[in-house]
Amino acid sequence: MKIYHPDSIERFIVGGVKVSAQQQRKAFEKVGVEYTTDFTLDYDIMHLNFLGPLALPLLFISKLLGKKTVVHAHSTGDNLEDTLAFSSIWGPIGKKYYQFIFRHSDQVIAVSDYSKELLEEREVGDVITLSNGVDNDVLDGYNEIEVPDEYSEEAFRVVNLAQVFELKGLDTFIEVGESMPDAEFTWFGPRHEKLNPKETIEKIDDTPENVSFPGFIDDKRIPFRIGDVYLFPSHEETQGISVLEAAYCEMPLVVRDIEAFEGWLKHRENCLKAETTDEFIEHVKTLRDDEELREKIAANAREMAEHHTLEKIGERLQKMYREVLSSD
């Protein structure tokens, strides 16, 4: 069994889709799945992660060859709108494009039960749920790495690791920071200054002194090493890889109460969930002042993340591929 795992645009992008695709290959290696990223006609299953313009011709080629196609639904299409400049125009087009590819694949992988339900409502074909997983090899040693000088101060620090979009809860992050001037709020991740609307860039540049956006960071362990609380106020997710990563690194999580987090993130057990800015402020302050609760949520978050390691994801992918090959 050989998997064709295209990476045609991977070098040009950042974000969760790229991380997930790279993690899948590590998962392959852990369980012995043969794969290639180079263009080839010699494969049994093509597994698409990047649904850009090249995905459609690759899908047609696969159909002509009588090969099986698996598509990873990192986005259902719902979060294409109101994200970047002019997304209100191309967002609906992209949503239809995604659905076309989903409907013409042999297997669709949703990364959460929430996204699976959305896809099934649109009758896109056979859908299963499979976590993105967490790359424990990359994260191990998070509590031992040296803290960079610029983050060595003793202030209580709230962190986030995500691309900087309005949809990711930018307003909420800034407003919580404004309400807690004695704490440091640091959001790591690309700012996309050429793609984000002008208003978003101005908002980022006009934040109070204790709220910063240092941009992309090579070693993703650093946010989890320096942070006391992980604040992830995103309005729309399919799963949220960085939330899993923060959980693995024993960070107390404060997240928005959205459907993507139902079931696996549980309020006051392995996270605190909020709906309004006032609730976010209350939860962050509670974790700042209650060390026992902070430690309990962090420990439970780590226990949850242990079920998402790449070896376990690799075993599930391998089983799914075999089932796809044996299907009519």
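The values are calculated or read from the model by the stated rules, or taken from the named source; none is laboratory data. Predicted, not measured: the structure shown is a model, and the values here were computed from it. Positions of Cβ are generated from backbone atoms using ideal geometry, with glycine treated the same way; all protein chains shown enter the neighbour counts.
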(request) Output the residues belonging to segment 260-302 that are aliphatic (A, V, I, L, M) and not in a loop (DSSP other than H, G, I, E, B). (result) Ala260, Leu272, Ala274, Ile281, Val284, Leu287, Leu293, Ile297, Ala298, Ala299, Ala301
(message) As an exercise: evaluate Ile201 against (1) crowded, with 16+ Cβ neighbours inside 10 Å; (2) farther than 19 Å from Leu161 by Cβ; (3) in contact (Cβ under 8 Å) with a residue 24 or more places away in the chain and give the number of the one condition it does not meet.
(response) (3)
(request) Being in the same structural domain as Gly52 (by TED's automatic domain parsing) and either in contact with a Pro (Cβ under 7 Å, 6 or more places away or on another chain) or at pLDDT 90 or above (or both) narrows it down to one of Phe156, Phe86, Phe102, so name that one. (result) Phe102
(message) For segment 36-52, give me each residue that is touching a helix residue (DSSP H, G or I) at 6+ places or on another chain (Cβ under 9 Å) and surrounded by fewer than 19 Cβ atoms within 10 Å (Cβ to Cβ).
(response) Thr37, Phe39, Leu41, Asp44
(request) Can you tell me which residue among Glu193, Glu175, Glu153, Glu209 is within 25 Å of the chain's Cα centre (by Cα) and more than 18 Å from Ser234 (Cβ to Cβ)? (result) Glu193
(request) Return the total of residues in segment 208-248 being in a loop (DSSP other than H, G, I, E, B), touching a Gly at 6+ places or on another chain (Cβ under 7 Å) and free of Cβ contacts under 8 Å to residues at least 60 places away in the same chain. (result) 2
(request) Evaluate segment 208-220: report whether one residue or more is on the phi > 0 side of the Ramachandran plot and not hydroxyl-bearing (Ser, Thr, Tyr). (result) yes
(request) Select, from Ala274, Ala246, Ala299, the only residue that is surrounded by fewer than 16 Cβ atoms within 10 Å (Cβ to Cβ) and small (Gly, Ala, Ser). (result) Ala299
(message) Go through (1) in contact with a helix residue (DSSP H, G or I) (Cβ under 7 Å, 6 or more places away or on another chain); (2) farther than 22 Å from Leu139 by Cα; (3) assigned to a helix (DSSP H, G or I); (4) among the aliphatic types (A, V, I, L, M) for Ile313 and report which single condition fails.
(response) (2)
(request) Sort through Ile258, Ile217 and tell me the only one that's under 25 Å from Glu166 (Cβ atoms), within 15 Å of the chain's Cα centre (by Cα), surrounded by fewer than 22 Cβ atoms within 10 Å (Cβ to Cβ) and assigned by TED's automatic domain parsing to the domain that holds Met180. (result) Ile258
(message) Can you list the strands (runs of 3 or more DSSP E) lying wholly within segment 88-175 that have 3 or more residues being buried (at least 20 other Cβ atoms within 10 Å of the Cβ)?
(response) 107-110, 157-161
(message) Given (1) surrounded by fewer than 18 Cβ atoms within 10 Å (Cβ to Cβ); (2) closer than 27 Å to Ser115 by Cα; (3) among the hydrophobic types (A, V, I, L, M, F, W, C), identify the lone condition not met by Leu293.
(response) (2)
